[in-house]
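Enquirer: To start, I am sharing the structure in question, which I have written as structure tokens.
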Amino acid sequence: MSLTRADVEKVSLLARLALTPDELDALTVQLGEIIRYVQQLGELDTRDVQPLSHAMDLTNVFADDTLLPSLDREQALANAPKRDAECYRVPAMLGDESSR
């Protein structure tokens, strides 16, 4: 399977990415190389390889769920530039303040 510039343009439109012609050319080459690499992996004989659920054989890597001393609410909010009752107040990320 070869990747064309038209394929990359279509994907960029679906992802709503505004790419320049140079970026389209570069991504066409880079994504084509990735696809060729994945195709090479598909040609490997893996019949005798046991499937893994994780790349590393890890078991029970979680810490015990124990309650430890921590800051009380006032200490945690002491350096907040702005607060709203018991919460940090941060600038709006989407829209403006009037929409909230």
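Values quoted throughout were computed directly from the atomic coordinates according to the rules given, and no laboratory measurement underlies them. Predicted model only: the values in this text are computed from it and were never measured. So basically every Cβ, Gly included, is an ideal-geometry build from the backbone, and we count neighbours across all protein chains shown.
Enquirer: For helix 21-42, what angle does its Cα long axis make with the longest principal axis of the chain, in degrees from 0 to 90 and rounded to 10?
Expert: The two axes meet at around 70 degrees.
Enquirer: Then there's this: Between the DSSP loop rule and a limit of at most 12 other Cβ atoms within 10 Å, which GluC sites (Glu not before Pro) in the chain are left?
Expert: In loop regions of the chain (DSSP not H, G, I, E or B), the sparsely surrounded GluC sites (Glu not before Pro) are E43, E86.
Enquirer: Could you give the angle, 0 to 90 degrees to the nearest 10, between helix 5-14's Cα long axis and the longest principal axis of the Cα atoms of the chain?
Expert: Helix 5-14 sits roughly 30 degrees off the main axis of the chain.
Enquirer: Sticking with this one: With no solvent and one equal point scatterer per Cα, compute the Debye intensity ratio I(q)/I(0) for the chain at 0.10, 0.13, 0.14, 0.15 Å⁻¹ and report its log10, rounded to two decimals.
Expert: Once normalised to I(0) and log-transformed, intensities are -0.79, -0.88, -0.87, -0.86.
Enquirer: Also, I was wondering about something else. Compute the length gained on full extension between E23 and S2: take 0.36 nm times their separation in residues and subtract their Cα-Cα distance, giving the result in nm to one decimal.
Expert: Extending this stretch completely gives an extra 5.7 nm.
Enquirer: In nm, give the distance between the simple-model label positions of R36 and R16, each being 7 Å from the Cα along the Cα-to-Cβ direction.
Expert: 3.4 nm
Enquirer: Another question about this same structure. Calculate the dipole size of the chain relative to its Cα centre from +1 charges on Lys and Arg beta carbons and -1 charges on Asp and Glu beta carbons; express the result in debye to the nearest 20.
Expert: With Lys and Arg at +1 and Asp and Glu at -1, about 360 debye.
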